[in-house]
Amino acid sequence: MQQYQLKTAFREGLSELFSEHFEVFLEEKGIPERYLPNDTLSRIVERQYDSGVDEFLNETKQIVDEDNYRVIVQDFLFENYDPDFMTLKFEESPSIDLEDVIEKLQQEVVLHLVNTEPYGNVSRDFWQSKVRQLQEIKTLARYAEGEDLFEFVETNAPEWQEQDED
C-alpha cells in the first residue's frame, strides 16, 4: 500500500466530513457563506490534515491494505472527528471572524436602507447607529438580504420619520 494513497484518502475523507459539517455550522450560526473568505473551508481542512495525518499513518500502517484502506480511513475519521470537535475547529478558525461577519452584514443592512424608499430620505449616520445595535448574525443576515426592512425599522427605529432629511 502506497503512503501517498493513504494520505490522499485521508485528505479526501477529511474534506468530505468537514464540508458536510461546515454547512450545518453555517446554518446553525446563520452565517451566509459569502461573508467568509473563499478558502475558509480548505484552510480548516488543511490545518486538520497537517495536524492529523501523522497520527493516522502511525495508527493504521499495520492494518491497511489495498482492499480495506477506505474503510480504515472512514473508521479513523469517525473515531477522531466528532461533530463537536469540528464545530470547535470552525469556531477557532481565524478565517471565521464573527466580528467581521457582523460588520459586513451591518454594512449591507445600511446599504439596503439608504437605497430603499422611503428610508433613503434619512441619513446614513442615523441608520448606521441603529444597525450597529444589532449583533445577532441570523437577524442581520435576514435584513442584509433586504428582507423585512419594514420590521427592522418598526422595531429598531420607530422614530425614523422624524429624521427625514427632506
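Each of Gln5, Ser15, Pro32 was placed along the dipole of the chain (beta-carbon charges, centred on the mean Cα), and the one lying farthest toward the positive end is Gln5. Sparse packing (at most 14 other Cβ atoms within 10 Å of the Cβ) combined with a DSSP loop state is found for the following trypsin sites (Lys or Arg not before Pro) in region 62-148: Arg132.
Computed extension length for Thr8-Glu147: 45.7 nm, one decimal, from 0.36 nm per residue of separation with the Cα-Cα distance subtracted. Based on Cα contacts under 8 Å between residues 6+ apart, the chain shows a relative contact order of 26 percent.
Mind checking region 36-93 for GluC sites (Glu not before Pro) that DSSP puts in a loop (not H, G, I, E or B) and that have at most 13 other Cβ atoms within 10 Å? Show your work: numbers first, answer last.
Details: sites: Glu46, Glu55, Glu59, Glu66, Glu79, Glu91, Glu92; in loops: Glu66.
The qualifying sites are Glu66.
Of the two radii for region 99-163, the radius of gyration is 0.92 times the Kirkwood radius, both from the alpha carbons; that is the Rg over Rh value. Rounded to the nearest 20, the size of the Cβ-charge dipole of region 99-163 about its Cα centre is 100 debye, with Lys and Arg at +1 and Asp and Glu at -1. The ellipsoid that matches the Cα gyration tensor of the chain has semi-axes, each √(5λ) in whole angstrom, of 48, 12, 11, with the longest given first.
Given an 8 Å cut-off on Cα distances and at least 6 residues of separation, report the relative contact order of region 3-95 as a percent. The partial results should precede the final answer.
Working: 44 pairs, mean separation 45.2, N = 93.
Once divided by the residue count of region 3-95, the mean separation gives 49 percent.
Within the P(r) computed for region 70-119, what percentage of the Cα pairs occupies the region above 18 Å? Summing the P(r) of region 70-119 above 18 Å gives 60 percent of all pairs. By the compact-protein rule of thumb, 2.2 N^0.38 Å, the alpha-carbon radius of gyration of region 3-95 corresponds to a ratio of 1.14.
Set the Förster radius R0 to 30 Å, insert the Cβ-Cβ distance between Ser123 and Glu27 as r into 1/(1 + (r/R0)^6), and round the FRET efficiency to 0.05. Please report the intermediate quantities before stating the final value.
Details: r = 35 Å, r/R0 = 1.17.
After rounding to 0.05, the efficiency reads 0.30.
The order of Val109, Val153, going from fewest to most other C-beta atoms within 10 Å of their C-beta, is Val153, Val109.
Taking the charge dipole of region 62-148 about its Cα centre, with +1 at Lys and Arg Cβ atoms and -1 at Asp and Glu Cβ atoms, the residue from Tyr81, Tyr143, Tyr69 reaching farthest to the positive side is Tyr143.
Values quoted throughout were computed directly from the atomic coordinates according to the rules given, and no laboratory measurement underlies them. Fair warning: this is a prediction, and the values are worked out from it, not measured in the lab. For neighbour counting, all protein chains shown are included, and Cβ atoms are generated from backbone atoms with ideal geometry for every residue, glycine included.
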